[in-house]
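Have a look at this one.
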Amino acid sequence: MNKQILVIARKEVVDHFRETRSLLASLMHLWLGPAIVLLMAFSPAVRGNSRGATVLTAMMAIFTLVAAFTGGMNIAMDVVAGERERHSLLPLLLTPVSRAGVVLGKWLGVCAFSLSGLAVTLFGFFISERFLGVANPLFDRPALLRWVLLGLVPLAFFAAAVQVGISTATRTAKEAHTYLSLLIFLPMGVAMFLVFFVKDPGFWAFLPIAGQQAIVQTGLSTGHWSISQALILALMTVWCTAATLALTSKLLERDDIVYGS
């Protein structure tokens, strides 16, 4: 990989670590899911109720998907839209780095936080499970590794690509913040639709977000799911990620996008 791309990614990560308030806000959002599940688990309506356990499983699946988008949201709103406002985007584009290289570097920076967000949320759910004395089959080491690598990591890559694309297309950091905040409702809405209205995922299981929700919920419930299905889903998600990054690179070649006019 081009060293300049890694330099851009490193800069984004280092700069964002200096924003302690932003990091604290992200951590609070990421721990919200495990905290809600833990509180629900102590509810008399849920304890000892098989239907209540199903609801808890669905909630864990939904919050896990949302975490892939939440972790990188705060850095994503700044990577392009913020630099345009500070008038530092144009000097970056004048360096001997291609538009695609700039997009890849910023995407890698967002990916670092998206993956970290997933790790924080999963750790929170793991602690909740142990605190409640429940042994979930999905948290067995081999199952967890396959689940994360084939399901959640590609989703985090896709979420980061979409967020960088939105940051590129918007004119200001405030506008980017608005659209990225609304984007959080996409995984939540898709997951809730599948949980409450779709019994058999069917072709949905091969689409990004919907497929990950199916894998997560099935894994949390039984610990078993189709490896071939997960591989196809991972490849489809990676392809969507690459297509989104290519589109973002094309957007960055437009003068109205670069200057925000």
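The values are calculated or read from the model by the stated rules, or taken from the named source; none is laboratory data. In this text, all values refer to a predicted model and were calculated from it rather than measured experimentally. Every residue, glycine as well, gets a Cβ built from its backbone with ideal geometry; the counts of neighbours run over all protein chains shown.
Filter segment 144-195 for residues that are of a type in the set (S, T, N, Q) and more than 17 Å from SER114 (Cβ to Cβ); which is nearest to the chain's Cα centre (by Cα)?
Selected residue: THR178.
To continue, here is another question. Can you list the helices (runs of 4 or more DSSP H) found entirely within segment 168-236 that contain at least 2 residues being among the aliphatic types (A, V, I, L, M), in contact with a helix residue (DSSP H, G or I) (Cβ under 7 Å, 6 or more places away or on another chain) and at pLDDT 85 or above?
173-183
Of the residues LEU24, LEU38, which single one is farther than 24 Å from ALA161 by Cβ and at pLDDT 80 or above?
That would be LEU24, the only listed residue that is farther than 24 Å from ALA161 by Cβ and at pLDDT 80 or above.
Could I ask something else about it? I need a count of the residues in segment 86-110 that are closer than 17 Å to ASP256 by Cβ and not in a helix (DSSP H, G or I).
Counting residues in segment 86-110 that are closer than 17 Å to ASP256 by Cβ and not in a helix (DSSP H, G or I) gives 1.
Select from segment 70-96 the residues that are closer than 10 Å to THR172 by Cα and touching a residue at least 24 places away in the same chain (Cβ under 8 Å) and list them in ascending order.
MET77, ASP78, VAL80, ALA81, GLY82, ARG84, GLU85
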